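S.K.: This is the structure, below, for whatever I ask next.
Here, each number is a calculation from the coordinates, and none is a lab measurement. In this text, all values refer to a predicted model and were calculated from it rather than measured experimentally. Here the Cβ is made from the backbone with ideal geometry for all residues, glycine too, and neighbour counts use every protein chain on show.
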């Protein structure tokens, strides 16, 4: 019988180093550096309780790329993905809301694009191909906050899109069995 390898445990030094890098990145993104790469805003849902217009625009752009919706299926905008994520986060603790808002601003930042080699423009101002490259760079990054951030954005947008009855027909889901809806 072959033994499975022991799980890799982080040393105290590695843990501090990773936490410091993530904190520094979030600090830079939240600071004035984002002024140099303004967000391309688009009209989004009104009445959001967690996101402001900038963050809603960033999340909408992320959803467009991450979901890669087939032609004929309802768009992320028509399903209201940003509003659904906002409503979900409104029930979360304030620190979770704050971290996701910081994550979106970090992702948008052109400096992050330079760091990941995926372009120097803000995410929302980038071309479709540059957006895909930025997301892929985050997904495959050696920096744990980027990988974790990618997974958070991907899972939140996908869960809020595919949990909407308007999207079910596009994926061939007939809906929940009678009596469960």
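S.K.: Going by C-beta contacts inside 10 Å, put 138, 168 in order with the fewest on the left.
M.R.: Exposure proxy ranking, most exposed first: 168, 138.
S.K.: Points 7 angstrom from Cα along the Cβ direction at residue 136 and residue 169: gap in nanometres?
M.R.: Reported label-point gap for residue 136 and residue 169 is 3.4 nm.
S.K.: Kindly give the semi-axes, whole Å and largest first, of the ellipsoid equivalent to the stretch 47-164, taking each as the square root of 5 times a Cα gyration tensor eigenvalue.
M.R.: Value: 21, 17, 12 Å, ordered largest first.
S.K.: A follow-up question, please. Highest first, please rank the peptides 169-178, 123-132 by the mean number of other Cβ atoms sitting within 10 Å of their residues.
M.R.: Those peptides, ordered most packed to least, come out 123-132, 169-178.
S.K.: Going by C-beta contacts inside 10 Å, put 147, 133, 142, 155 in order with the fewest on the left.
M.R.: On the way: 147 14, 133 17, 142 6, 155 11.
Sorted ascending by nearby Cβ count, the order is 142, 155, 147, 133.
S.K.: Let me ask something additional. For 153, 140, what's the fewest-to-most ordering of other Cβ within 10 Å of each Cβ?
M.R.: Working: 153 23, 140 11.
The most exposed by this proxy come first: 140, 153.
S.K.: With each pseudo-label sitting 7 Å past Cα toward Cβ, what's the residue 98-residue 162 distance in nm, one decimal?
M.R.: 3.3 nm
S.K.: Quick one: in the stretch 108-147, what % of C-alpha pairs are over 14 Å apart?
M.R.: Details: 255 of 780 pairs.
Cα-Cα pairs of the stretch 108-147 separated by over 14 Å account for 33 percent.
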